[in-house]
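The values are calculated or read from the model by the stated rules, or taken from the named source; none is laboratory data. Keep in mind it's a predicted model, so treat the numbers as computed, not measured. Cβ atoms come from the backbone with ideal geometry, glycine included; neighbour counts cover every protein chain shown.
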Amino acid sequence: MTAMPEDALLDRFAAIVGPAHALRSEIDIAPYVTEPRGRYGGKTRLVLRPGSVEEVSAIMKLATETRTPIVPQGGNTGLVGGQMPDGSGREVVLSLSRLNRIREIDLQSNTVTAEAGVILHALREAADGVERLFPLSLASQGSCEIGGNLSSNAGGVGALAYGVARDLCLGLEVVLPTGEVLDDLRKLKKDNTGYDLKDLFVGAEGTLGVITAAVLKLFPKPKGREVAWIAVDTPDQALALFGMASAKAGPSLTAFELMSDRTLDFVLRHIPGTGAPLQQAARWNVLLEISSGRSAEDATGLMEEILSEAYETGTLTDAAVAASLAQADAFWHLRESMSEAQKGEGGSIKHDVSVPVASIPRFIREAGEAVASVAPDARVVCFGHMGDGNLHYNVSQPAGGDTAAFLALYPAMNHAVHEVVRSLGGSISAEHGIGRMKRDELIATAPPVAIDLMRRVKRAFDPANIINPGKVI
């Protein structure tokens, strides 16, 4: 086993960024070795916070020369351990948070060039200030960073209309493990000159290179927006409603979120200041958003058409259309608080899955049976982006049950739910990534040829295996 980095080597790394940006004390390091779920701890003797691409390049060159493992980290909001160092203390954390400049907004090309450490909310605000929309939207947008969003191929609530992070990226600047810099910050929507290298880095979770900047797509700011909270009896009715909304609104349908009654109940119970959007509780809830590029009247008209047909056909049982921006934000706050609300109910076993949209009702039925086979009294908490087939299918411990005993069922529960996912041609990771959490399962269940190809790519880019080792593949 290779020894931990010695002080002399750490001094060489620290000299690249300067002592103020080379963190060594336990207090300074602590925020970089703990993650949101508290599941993946790690150790490091050094956190480096470079302020330029040149410093990142020098760090990676030295790391390859000395075989020092490096763990790139963005806003540290990842949920599968991909941004965490291991427990050996050998790995050096590379934080990109100081690379936080928006280099350019090009209104004619509808692009923004942003560095990896730009916080997502700041980028969205900058776009809004020039009457543009950057549509990537996540519950963690106040702290997650663009580099991490791209490295994990983040999805979020806007994926239905605008796609995931990969779809929003036109070009990248990446530092390779060797220290070489790939400058591919192009604004082209059409480019068939060889392999599309940027797509190898987007979604690679920092295992092939360090993303330092990106060219991202902007869109015209919508002129009209309507948000409705809708009650339905079953997931099948939600699927029918989605069909109606898609047919009438087309690309103006910008969100279609599905939530179970228990999920909403947890929010109302544990998130202060929240209130029920409808007088009568519903078994299933849909949050539907229409965004029109033409006018406010157009958005209102589309929403009215959708709800009218749904009422007439008995597809919905009740609905409330937001009467103000504040009420629309309140509806979205309910949806975005659902993960947080589960903490008040004890242990939770989580699944970030996708299946074909048409298979969602079947998945919910069969996954419920699978959960019951592992823990009969466990409580399913199902919510997510039904419009693009991505559900957060979480399972809370039985009320009053033993948390440790329940969490010990994690492997068995994952296996049971993921077997249903695979039987429907789905994915065990829709937007959170693989990281440490799902690495072994990916290797065990993906086609052997696919695993072999991924390993070949990893070796080609990182022959010394020093960038985010032990993650993904």
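Here are the numbers for the structure shown:
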{"read-out": "Qualifying residue in region 272-293 (condition: loosely packed, with under 13 Cβ neighbours inside 10 Å and in a helix (DSSP H, G or I))", "value": "no"}
{"read-out": "Pairs, first over 19 Å from LEU316 (Cβ atoms) in region 283-300, second assigned to a helix (DSSP H, G or I), C-beta under 7 Å, six or more apart", "value": "SER291/SER252; SER291/ALA299; SER292/SER252; SER292/ASP298; SER292/ALA299; SER292/LEU302"}
{"read-out": "PHE363 being under 16 Å from GLY426 (Cα atoms), among the aromatic types (Phe, Trp, Tyr) and touching a residue at least 60 places away in the same chain (Cβ under 8 Å)", "value": "yes"}
{"read-out": "Only one of LEU138, LEU107 that is in contact with a Cys (Cβ under 9 Å, 6 or more places away or on another chain) and not assigned by TED's automatic domain parsing to the domain that holds SER291", "value": "LEU138"}
{"read-out": "Among (1) more than 30 Å from LEU407 (Cβ to Cβ); (2) in a loop (DSSP other than H, G, I, E, B) - the single one ALA63 does not satisfy", "value": "(2)"}
{"read-out": "Residue list for region 367-398, filter: of a type in the set (A, V, I, L, M, F, W, C) and over 16 Å from the mean Cα position of the chain (by Cα)", "value": "ALA367, ALA370, VAL371, ALA372, VAL374, ALA375, ALA378, VAL380, VAL381, CYS382, VAL395"}
{"read-out": "In region 3-51, the residues that are over 26 Å from SER140 (Cβ atoms) and hydroxyl-bearing (Ser, Thr, Tyr)", "value": "SER25"}
{"read-out": "Long-range neighbours under 6 Å by Cβ, at least six apart or interchain, first residue over 14 Å from ILE211 (Cβ atoms) within region 110-124, second part of a strand (DSSP E or B)", "value": "THR111/VAL215; VAL112/ILE105; VAL112/LEU216; ILE119/GLU145; LEU123/ALA114"}
{"read-out": "Single unsatisfied condition, VAL357 versus (1) modelled with pLDDT of 95 or more; (2) buried (at least 21 other Cβ atoms within 10 Å of the Cβ)", "value": "(2)"}
{"read-out": "Residue within region 70-93 that is assigned to a helix (DSSP H, G or I) and either hydrophobic (A, V, I, L, M, F, W, C) or within 24 Å of the chain's Cα centre (by Cα) (or both) present", "value": "no"}
{"read-out": "Cross-chain or 6+ apart pairs with Cβ under 6 Å, region 330-347 first and over 26 Å from PHE256 (Cβ atoms), then surrounded by fewer than 20 Cβ atoms within 10 Å (Cβ to Cβ) and hydrophobic (A, V, I, L, M, F, W, C)", "value": "GLY347/LEU407"}
